[in-house]
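Mind looking over this structure? Questions follow.
The values are calculated or read from the model by the stated rules, or taken from the named source; none is laboratory data. The model shown is predicted, which means the values in this text are computed figures rather than measured ones. When we count neighbours, we look across all protein chains shown, and the Cβ atoms used for this are built from the backbone with ideal geometry, even at glycine. The protein model used for the area step is the full one, side chains on, heavy atoms only, and it has no ligands, DNA or RNA in it. Shrake-Rupley method; radii C 1.70, N 1.55, O 1.52, S 1.80 Å.
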Amino acid sequence: MPLMNFQTFNREIQAVKNIYRQDNAWVGRYIPPSWDRDLAMTMYIRAAYRLYRATGQNQLRLVLLGGTEIRKARNLIMNFGITAANGIQERETAMLADAAQAEREEVNDADLPVNTRLPTRNVVPVCGLGSILSEDRWTPLLNDALIVGGATANHEFVITLEPYERGLWRECEATLGKELRELEQQFAQFGNVPAGFVRNTPEFKKLCWKKFISWNLRMFWDTRQNIPRVLARELIGLSIFGYKPVFGDRQLAFRRPLGARDPVFSDYVRGLRNLRFHVPGARARIMENLSEFLFDERDAFGFRADQPQIHGMPHVGNPIQAYV
């Protein structure tokens with residue numbers, strides 16, 4: 001599906017702008033100017049379109065997802081760049097981006113022969129079409145533009161772990177001795193299995209990710225404010241647009257199969273509304289949806305207090321099957 005021009009993009013948002021306003025009323029309270037005013041909403045739509053285009057045109061065809069710390073990781077910024085279609089959100093990220101840009105321009109190494117040096121004008125900019133989201137004046141609409149733009153271009157999305165999460169992931173892996181032995185017995189039915197082979201299979205990595213998420217539920221839910229995190233919103237969008245998880249070593253990727261339905265904003269926001277994403281009491285349903293998307297199980301992970309609610313509620317399946 002080709003990227004939309006601004007006229008088509010604007011029509012899509014105009015059709016659902018009141019849902020954005022109703023389900024995200026805090027934008028008017030905490031981020032001036034209020035998008036309840038049509039002139040301000042136009043400004044937010046134009047900002048979202050700039051990010052949508054930048055994401056869709058990313059030549060790495062990759063979008064990194066994760067916590068706020070990935071915007072402060074020097075190596076990630078250096079290797080993958082940041083979007084910054086509307087300016088950089090954090091001062092620290094801006095400083096790291098400047099340093100990364102200078103380092104990229106040092107490709108003209110003095111040790112190289114003069115005729116092999118790359119001119120500065122050919123250095124790929126750190127800011128503009130990168131894989132890490134850092135956008136000034138962030139709104140849910142802006143974030144949704146990242147997901148819709150990446151899905152339209154069939155980009156891969158990858159969850160990148162923060163430093164403390166990488167250590168936690170290894171701890172989870174170390175606790176799965178019993179599960180590892182059971183998998184080794186299953187694989188042994190097909191002949192001799194090389195040492196360490198099973199530990200590197202997608203089946204074992206899936207078990208590691210299930211344990212990791214169950215130990216790290218705050219990656220999806222902010223318990224202090226009792227609201228879902230942006231990563232939860234992003235993964236629900238990927239599920240709506242047909243993406244499938246691919247489990248790896250400390251890496252969880254999402255790829256969109258051929259033939260998946262075209263991504264549109266109306267499916268996204270109505271799917272979120274169907275889950276009551278904007279309501280704090282919807283935690284059980286949101287976590288159930290994420291659990292089923294990742295592991296094909298309603299309760300692979302979740303808060304203990306929500307378990308009776310999950311097992312007692314009707315199974316609605318994909319959230320875009322029934323709009324309310």
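Rank-order 77-84, 123-130, 189-196, 88-95 by packing density, defined as the average count of other C-beta atoms within 10 Å over each peptide's residues, highest first. Walk me through the numbers on the way to the answer.
Details: 77-84: 22.9, 123-130: 18.9, 189-196: 8.0, 88-95: 15.1.
Result, highest mean first: 77-84, 123-130, 88-95, 189-196.
A follow-up question, please. Could you check how much of the accessible area of the chain is carbon and sulfur, as a whole percent, using a 1.4 Å probe? Please report the intermediate quantities before stating the final value.
Numbers: 8240 of 16270 Å².
Carbon with sulfur: 51 percent of the solvent-accessible area.
Around Glu179, with a cut-off of 13 angstrom between Cβ atoms, what is the net charge of the other residues, counting Lys and Arg +1 and Asp and Glu -1?
Details: positive: Lys178, Arg181, Arg199, Lys205, Lys206, Lys210, Lys211; negative: Glu173, Glu182, Glu184, Glu203.
Neighbourhood net charge equals +3.
Still on this structure: I need to check one value: relative contact order of the chain, counting alpha carbon pairs closer than 8 Å and at least 6 residues apart, in percent.
18 percent.
For Lys244, which lysines qualify as cross-link partners when the Cα separation must be under 24 Å and same-chain residues fewer than eight apart are set aside?
Hits, sequence-local ones excluded: Lys205, Lys206, Lys210, Lys211.
Please turn the phi angles of the range 255-263 into ³J(HN,Hα) values with the Karplus equation 6.51 cos²θ - 1.76 cosθ + 1.60 (θ = phi - 60°), one per residue in order, whole Hz, x for glycine and proline.
After applying 6.51 cos²θ - 1.76 cosθ + 1.60, I find 10, 9, x, 4, x, 5, 5, 5, x Hz.
Sticking with this one: What are the ³J(HN,Hα) values, in whole Hz, obtained from phi via the Karplus relation 6.51 cos²θ - 1.76 cosθ + 1.60 with θ = phi - 60°, for each residue of the range 294-306 in sequence order, with x given for Gly and Pro?
7, 10, 6, 9, 5, 10, 5, 8, x, 6, 4, 5, 8
Right, something else. Per residue, how much accessible area does the chain show when a 1.4 Å probe rolls over the protein heavy atoms, in square angstrom? It would help to have the intermediate numbers written out before the result.
Details: 16270 Å² over 324 residues.
Each residue of the chain exposes 50 Å² on average to a 1.4 Å probe.
Relative contact order of the range 139-222: what whole-number percent is it, with Cα pairs under 8 angstrom and at least 6 residues apart?
Over the range 139-222, the number comes to 28 percent.
Per 0.36 nm of contour for each residue apart, how much would the distance between Asp296 and Arg61 grow if the chain were fully extended, relative to their Cα-Cα spacing?
Net length gain for the segment: 81.9 nm.
Using label points projected 7 Å from each Cα along Cα→Cβ, tell me how many nm separate Phe197 and Arg304, to one decimal.
4.0 nm
Mind checking the full-extension length gain between Arg250 and Asn226? Use 0.36 nm per residue of separation minus the Cα-Cα distance, one decimal, nm.
Stretched out fully, the Arg250 to Asn226 stretch lengthens by 6.0 nm.
Quick one: compute the contact order of the range 215-286, relative version, from alpha carbon pairs under 8 angstrom and 6+ residues apart, as a percent.
Details: 62 pairs, mean separation 18.7, N = 72.
Relative contact order for the range 215-286 comes out at 26 percent.
Return the label of the correct value of Rg/Rh (Cα atoms, Kirkwood Rh), as calculated from the structure shown, out of (1) 0.93; (2) 1.07; (3) 1.00.
Evaluating Rg/Rh (Cα atoms, Kirkwood Rh) on these atoms matches (3).
Highest mean first, what order results for 146-155, 177-186 on Cβ atoms within 10 Å? Please list the in-between numbers first.
Numbers: 146-155: 24.3, 177-186: 12.9.
Per-residue Cβ counts within 10 Å, averaged per peptide and sorted highest first, yield 146-155, 177-186.
Taking the Cβ of Glu297 as the centre, find all other residues whose Cβ is under 13 Å away and add up their charges (Lys, Arg: +1; Asp, Glu: -1).
Neighbour charge sum, excluding Glu297 itself: -1.
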